[in-house]
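First the structure, in the form of structure tokens, and then the observations on it.
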Amino acid sequence: MLGQMKNLLRHRQSGFTLIEMMVVIVIISIIASVAVPSFSSFFDRYRLRGAADALFGDLQAARMEAIRNNSTVYVNFATGANWCYGMKVGSSCDCTKPASDANYCSLKLVNAQTNSGVTMASSAFTADPTIDPLQGLVSQAGSVTFQSTAGTQAQIGLSLLGMVSICTPSGSSSAGYSSC
């Protein structure tokens, strides 16, 4: 009889009770509620950095393309919710035009559809900049500011010498770049 009692007790102790399961679920819920906001801000900064780094690289590539092909590269920016930027060798372009249009940005075209959660908040160019093929100089200096859905900003600058820079504007939470 004592052996049967030990087997019965051993059998009852294997597994989880409903109360133990509920405690584990509550603990996991608390941890998840603390972690989710951290993940959303991480993804917000990740998207912003992706768009900013892409423009940084594309402007450098456009300068190299101008020098390599000995042809002027034209750059076009359109701000707002349906923002875009584009580049074309030899003549001006409009990044809002479809591929069938003569003003299509055939060298490079990037738009809001490929960068969800990021807007091009502003462009500080008075006109579309051009990149000279002889020395890679730019017709005018300026900058473009990207903004994430959480309000974090990254500013991509283009100097007259064709140098590209990225920084975080003052008053914006850090996107991981140095302050402007």
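Throughout, read-outs are computed from the coordinates displayed, never taken from laboratory work. Computed from a prediction, not measured in an experiment: that's the story for all the values here. FYI the Cβ positions are ideal-geometry reconstructions off the backbone, even for glycines, and counts take in every protein chain you see.
Two decimals, Cα atoms only, Kirkwood Rh: what is Rg/Rh over the chain?
Details: Rg = 27.0 Å, Rh = 19.4 Å.
Taking Rg over the Kirkwood Rh, I get 1.39.
Starting from the Cα of residue 149, step 7 Å along the direction of its Cβ; do the same at residue 78; then give the gap between the two resulting points in nm.
Taking the two extended label points, one gets 2.3 nm.
So for the pair residue 43, residue 24, with labels modelled 7 Å out along Cα→Cβ, what separation do we get in nm?
If labels sit at residue 43 and residue 24, their model points lie 2.7 nm apart.
Ranking request for peptides 161-171, 65-75: highest mean number of other beta-carbon atoms within 10 Å first, then the rest in descending order.
On the way: 161-171: 15.6, 65-75: 18.7.
Highest-to-lowest ranking by the protection proxy: 65-75, 161-171.
Using modelled amide H (1.01 Å from N, peptide plane; none on Pro or chain starts), what sits under 5 Å from the amide H of residue 150, excluding residues fewer than 5 places away?
none
What are the residues whose amide H is under 5 Å from the amide H of residue 107, where those residues sit 5 or more places off or on another chain and H is modelled from the backbone?
Here the answer is 87, 88, 89, since their amide H atoms fall under 5 Å of that of residue 107.
Please give the length that would be gained between residue 31 and residue 99 if that part of the chain were fully extended, namely 0.36 nm times their separation in residues minus their C-alpha to C-alpha distance (nm, one decimal).
Values: separation 68, 0.36 × 68 = 24.48 nm, distance 4.88 nm.
Roughly 19.6 nm would be gained on extension.
Could you give the nm distance between label points at residue 141 and residue 92, where each point is 7 Å from its Cα heading toward the beta carbon?
The two pseudo-label positions are separated by 2.4 nm.
Once you treat every alpha carbon in the stretch 66-165 as an equal point and sum by Debye, what is log10 I(q)/I(0) at q = 0.10, 0.17, 0.23 Å⁻¹?
The Debye formula, applied to the Cα set alone, gives -0.27, -0.76, -1.23.
On a full-extension model of 0.36 nm per residue, what is the gain between residue 64 and residue 17, subtracting their alpha-carbon distance, rounded to one decimal in nm?
Going from the current span to full extension adds 10.2 nm.
Length gain on complete extension for the stretch residue 173 to residue 126, per 0.36 nm per residue less the alpha carbon to alpha carbon distance?
Numbers: separation 47, 0.36 × 47 = 16.92 nm, distance 2.69 nm.
Gain in length upon complete extension: 14.2 nm.
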